[in-house]
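Read through the structure below, which is laid out as structure tokens, and then see the notes.
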């Protein structure tokens with residue numbers, strides 16, 4: 001009787017090729033996964049501003065006069081995991097300081113929501129709010145890179 005060695009397996013070259021393919025795929029996918037995770041966190045931060053956004057829209061659409069900077073009734077600190085504090089301006093521009101992203105490109109930066117009338121400008125007292133401009137503040141001391149803003153803020 002003849003005995004044969006029937007061990008089968010992968011050669012070291014085949015294993016190295018598979019590892020290389022997995023490494024290349026991971027290198028291609030990881031940056032987009034990180035950017036999507038930051039955009040999801042940024043969407044949650046913008047959602048935390050909705051209370052302020054609703055109060056300002058309601059006041060303008062009812063024909064009221066703006067109460068002044070910091071007097072809109074929606075300013076707060078420690079609002080959410082990703083928003084440190086919320087402030088407002090005379091015209092109702094909402095400014096939020098970001099935190100908790102574990103990304104120095106975003107942490108301690110600011111994002112704003114600005115009410116706009118039908119001409120695309122900040123509304124005058126008694127004018128209605130037709131849309132909101134989302135993104136980095138006009139006085140760009142610490143802007144959020146546009147690629148990390150959610151789709152609703154980029155277009």
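The values are calculated or read from the model by the stated rules, or taken from the named source; none is laboratory data. Bear in mind the structure is a predicted one, so any value in this text is a computation, not a measurement. Glycine gets a Cβ as well: all are built from the backbone with ideal geometry, and neighbour counts include every protein chain shown.
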### Task
Scan region 77-90 and give yes if some residue there is surrounded by fewer than 19 Cβ atoms within 10 Å (Cβ to Cβ), part of a loop (DSSP other than H, G, I, E, B) and at positive phi, otherwise no.
yes
### Count of residues meeting criterion [farther than 24 Å from residue 55 by Cα and surrounded by fewer than 20 Cβ atoms within 10 Å (Cβ to Cβ)] in region 92-116
7
## Note on the structure
Among residues of region 53-67 being assigned to a loop (DSSP other than H, G, I, E, B) and surrounded by 11 or more Cβ atoms within 10 Å (Cβ to Cβ), the residue modelled with the lowest pLDDT is 64
### Query
Would region 45-52 turn up any residue that is modelled with pLDDT of 90 or more and touching a helix residue (DSSP H, G or I) at 6+ places or on another chain (Cβ under 6 Å)?
no
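Got a sec? Which of 40, 35 is surrounded by 10 or more Cβ atoms within 10 Å (Cβ to Cβ), touching a helix residue (DSSP H, G or I) at 6+ places or on another chain (Cβ under 8 Å) and part of a helix (DSSP H, G or I)? Give the steps one after another, and end with the answer.
Numbers: 40 fails: touching a helix residue (DSSP H, G or I) at 6+ places or on another chain (Cβ under 8 Å).
Exactly one residue qualifies, and that residue is 35.
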### Query
Mind checking whether some residue in region 103-111 is within 20 Å of residue 37 (Cβ to Cβ), in a strand (DSSP E or B) and either at pLDDT below 90 or within 21 Å of the chain's Cα centre (by Cα) (or both)?
yes
